[in-house]
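Engineer: Dropping the structure in here first, questions after.
A short reminder: the numbers here are calculations on the coordinates, not readings from a lab. No experiment lies behind these values; they were computed from the predicted model shown. Here the Cβ positions follow ideal geometry from the backbone for every residue, glycine too, while neighbour counts run over all protein chains shown.
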Number of protein chains: 2
Amino acid sequence: MTAVDRRTEIKAKHRQSIVDAASTIMRQRLTSEFSVDELAVAADVSRRTIFNHFASIDDVVIEACGNELAEVVEHLASISPASTGTKVPIFDDLAETFRQADLITPMVYLTKVLGSDDPQLTPRQAQMSGRAFTEINERLGRELHSRHPEADPLEVGLLVSTMTNGLLVIYLHWMSECGAVDSPESRNLWSQLVERLITSLRTGFGSH
Amino acid sequence: MTAVDRRTEIKAKHRQSIVDAASTIMRQRLTSEFSVDELAVAADVSRRTIFNHFASIDDVVIEACGNELAEVVEHLASISPASTGTKVPIFDDLAETFRQADLITPMVYLTKVLGSDDPQLTPRQAQMSGRAFTEINERLGRELHSRHPEADPLEVGLLVSTMTNGLLVIYLHWMSECGAVDSPESRNLWSQLVERLITSLRTGFGSH
DNA sequence: TACACTAAATGCAACGTTGCATTCGGTGCA
DNA sequence: TGCACCGAATGCAACGTTGCATTTAGTGTA
């Protein structure tokens, strides 16, 4: 049956064209503020259809942003592949990913797109940043679970969630310190913060 | 000057009457779903005024919920008071608070108020739960910072945030396990989850 | 092809939320 | 008291979001 429900296919196409239209607008104008009507026209669907696929415009933006961060998750798969059979502790696995992944590039782009001129974060910005990280959280959770199927799901969930949460904390700190500019200094600061986070979470908070 | 800007006073009164009206409706009907008009009438202010004080109806609900959890924060102040001069590590301070505080009672109430019949969480529920915990997060952060002024703010922020995030994780787990019912078994499970969380965060994720 | 069935898209009305212009009422001063 | 000033409240129009009824178009059957 090659004729696998063409309706499903059309539905996916519509959804995709909505996300694509959002991505295009965001790249063109370096902002995530556009009207529903504008998006509907650009995606060539009705206004209402957008809300059939997404709970809100922000959700569309989040998914578009998520694609920018997708490579971070893919990066995970490429490091210390499970195929080597080497037993890498799950924590080190994750820690190494965050060390090696280039988070700066997508973070700077996202800060521009989600941000305003004001260095102070608006509530919307704060929330959107949080959700962008949650997005990574879920993707990483799935990926890690498939790579370490023997681990306790709750434990993995807590680990990933704790890590991602920590990342958000240092991201906000990094933002306020250097204004999300991509420079040698800011990259250096970021590395330090990542190390600090990893150390804190590795050794726990109980030991100092 | 006892005549300290009466306008400020009036403004605070309006804000309070909005929150109070929300609390009243929530207690009466055990739900957080009411219309803006309904709230405006109950608080005896204009519809628009509500949005002058709060970014959304959900924000009003969150603040009303926050008051339910306020005692948890107050509880913190009552345990191992700084006045004793005993040097309690900041982590133990926080851990002990979560051990001793009765989180079950407010959690069960909030689950009822925020929840639907469906045991599965709606996106709104999930978000509201998250925000209710964030609310505690901020209150605790302020409290802890004032009690341990010598500690690095970033470190304290990371600690509180990590803790609260972990609490949210086990809360969601607890919900799905026992349906947020207050019973000896559920309290027992909750204690176990709290211990598990504290242990994980105390010793870190790097050691097993 | 004709037709019934159904998922998805659409139109529309109601409610949530926001930006802006206007009104209301407290404060300070002549 | 009379008046200018200003912050908060209000009214209103526009846009975001949702629930529901209707239309459109793919699928299976005769």
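Engineer: Considering only residues of region A:27-61 that are in contact (Cβ under 8 Å) with a residue 60 or more places away in the chain and away from chain B (no Cβ under 14 Å), which is farthest from DNA strand C (Cβ to nearest atom)?
Structural biologist: Among them, the one singled out is A:Leu30.
Engineer: Still on this structure: Just one of the numbered conditions (1) surrounded by fewer than 17 Cβ atoms within 10 Å (Cβ to Cβ); (2) touching a residue at least 12 places away in the same chain (Cβ under 8 Å); (3) near DNA strand C (Cβ under 8 Å from one of its atoms); (4) under 30 Å from B:Val160 (Cα atoms) is not true of B:Asn67; which one?
Structural biologist: If we test B:Asn67 against (1) surrounded by fewer than 17 Cβ atoms within 10 Å (Cβ to Cβ); (2) touching a residue at least 12 places away in the same chain (Cβ under 8 Å); (3) near DNA strand C (Cβ under 8 Å from one of its atoms); (4) under 30 Å from B:Val160 (Cα atoms), just (3) comes out false.
Engineer: Going through region A:24-39 one residue at a time, which ones are surrounded by fewer than 18 Cβ atoms within 10 Å (Cβ to Cβ) and assigned to a helix (DSSP H, G or I)?
Structural biologist: Selection gives A:Thr24, A:Arg27, A:Gln28, A:Arg29, A:Val36, A:Asp37, A:Glu38.
Engineer: Next question, about the same structure. When the residues of region B:19-58 are narrowed to those that are under 24 Å from A:Gln127 (Cα atoms) and aliphatic (A, V, I, L, M), which ends up nearest to DNA strand D (Cβ to nearest atom)?
Structural biologist: The selected residue is B:Ile50.
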